[in-house]
Amino acid sequence: QGLRWGLSNVWADKVCDEFQAQAENEGKLGLPVAPFMKNLDNPMGRAKLQISFIDAILTPWWHVVQMNFPKSTIIEKIVHSLAANRKRYTQVVDNKVKLSQLLFEE
């Protein structure tokens, strides 16, 4: 999610596909399925997962990195991409736009 939208969304889809497949396999084996791996078969579920990942893991981590390297333009771009991508996913969750409408946006 620290990459530009087109690349971030491709990788997010790959991860969500993997989580979804793992959840299906665990369900078939009678194993408990992690809550974050459920409901990834729709854009709303995927957008919510990405927002949670950005908020809980990526933003705090990159802010610490940015504090330690305050002059890094690369880190600044990553933090900016996180915020921009989170905003796009929020638009999906708020039903303002469909994820498919954002796929080719940069």
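The values are calculated or read from the model by the stated rules, or taken from the named source; none is laboratory data. For clarity, every value in this text was computed on a predicted model and none was experimentally measured. Quick reminder, even Gly has a Cβ in these numbers, built from the backbone with ideal geometry, and neighbours come from all protein chains shown. Just so you know, the surface numbers come from the protein's heavy atoms only, side chains and all, with ligands and any DNA or RNA stripped out. Shrake-Rupley method; radii C 1.70, N 1.55, O 1.52, S 1.80 Å.
Only one of the numbered conditions (1) surrounded by 13 or more Cβ atoms within 10 Å (Cβ to Cβ); (2) in a helix (DSSP H, G or I); (3) modelled with pLDDT of 90 or more is violated by TRP11, and that is (1).
In the range 37-60, the residues that are at negative phi reach residues that are open to solvent by 70 Å² or more (accessible area, probe 1.4 Å) and hydrophobic (A, V, I, L, M, F, W, C) with C-beta atoms within less than 9 angstrom, at least six apart or across chains, in these pairs: LEU49/PHE36; SER52/PHE36; PHE53/PHE36.
Restricting the range 14-31 to residues that are touching a helix residue (DSSP H, G or I) at 6+ places or on another chain (Cβ under 9 Å), among the aliphatic types (A, V, I, L, M) and not in a loop (DSSP other than H, G, I, E, B), the residue that is surrounded by the most Cβ atoms within 10 Å (Cβ to Cβ) is ALA23.
Take the conditions (1) of a type in the set (Phe, Trp, Tyr); (2) open to solvent by 60 Å² or more (accessible area, probe 1.4 Å); (3) within 16 Å of SER8 (Cβ to Cβ); PHE69 misses just one of them, which is (3). So for the range 32-40 (the condition being touching a Ser or Thr at 6+ places or on another chain (Cβ under 9 Å), open to solvent by 50 Å² or more (accessible area, probe 1.4 Å) and aromatic (Phe, Trp, Tyr)), does at least one residue qualify? Yes: the range 32-40 contains one or more residues that are touching a Ser or Thr at 6+ places or on another chain (Cβ under 9 Å), open to solvent by 50 Å² or more (accessible area, probe 1.4 Å) and aromatic (Phe, Trp, Tyr).
Is there a residue in the range 32-41 that is in a helix (DSSP H, G or I), out of contact with any Lys or Arg (no Cβ under 6 Å at 6 or more places or on another chain) and more than 19 Å from GLN1 (Cβ to Cβ)?
Yes, the range 32-41 contains at least one residue that is in a helix (DSSP H, G or I), out of contact with any Lys or Arg (no Cβ under 6 Å at 6 or more places or on another chain) and more than 19 Å from GLN1 (Cβ to Cβ).
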